[in-house]
Amino acid sequence: MSGISDLKKGSAETVILALLEEGPLHGYGIAKLVSERSGGALRFHAASLYPVLYRLEKRGLLRGEWQAGKGERRRRHYRLTPKGRRTLASQRGQLEAFVEALGRLTGIGNA
């Protein structure tokens, strides 16, 4: 089936943008929230997370800024840009339509 890797990539981007909608986070914080909120079913490893963050930043969907807390090492905190908010809204609509169609095809959610 073609498009599976695009779906995974798009889902990862939507998840990251949605978490950043709540406020700025650094990479480790994003990975931790994904694992916690998905009950451990979804995980981001640095090797897959940071390329997505860099790609989103390059596209202008988020902005990264180096920050250091008292006695902590510097971390890059990411926040959504206005373009990122618009993109997230569009991606949510597309994802919702996809999930509805998948539900109709598989019978999930009709119990």
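Quick look at the numbers
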quantity	calculated
Potential extension, Lys32-Ser48 segment - 0.36 nm per residue separation minus Cα distance	4.4 nm
Interchain or long-range residues, amide H under 5 Å from Phe44's placed H	Ser35
Extension gain, Arg59 back to Glu96 (0.36 nm per residue minus Cα-Cα distance, nm)	11.0 nm
Square roots of 5 times each gyration tensor eigenvalue, C-alpha, the stretch 70-111, largest first, Å	37, 16, 6
Under 5 Å, built H, 5+ apart or other chain: amide partners of His26	Tyr78
Ranked packing of 39-45, 84-90, most packed first, by mean Cβ within 10 Å	84-90, 39-45
Shape metrics for the chain, restricted to C-alpha atoms - Rg then Dmax, Å	15.6, 53
Count of lysine pairs in the chain with Cα separation under 26 Å (8 or more residues apart, or interchain)	10
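No value in this document is a laboratory result; all are computed from the given coordinates. The structure displayed is predicted, hence computed values, not measured ones. Positions of Cβ are generated from backbone atoms using ideal geometry, with glycine treated the same way; all protein chains shown enter the neighbour counts.
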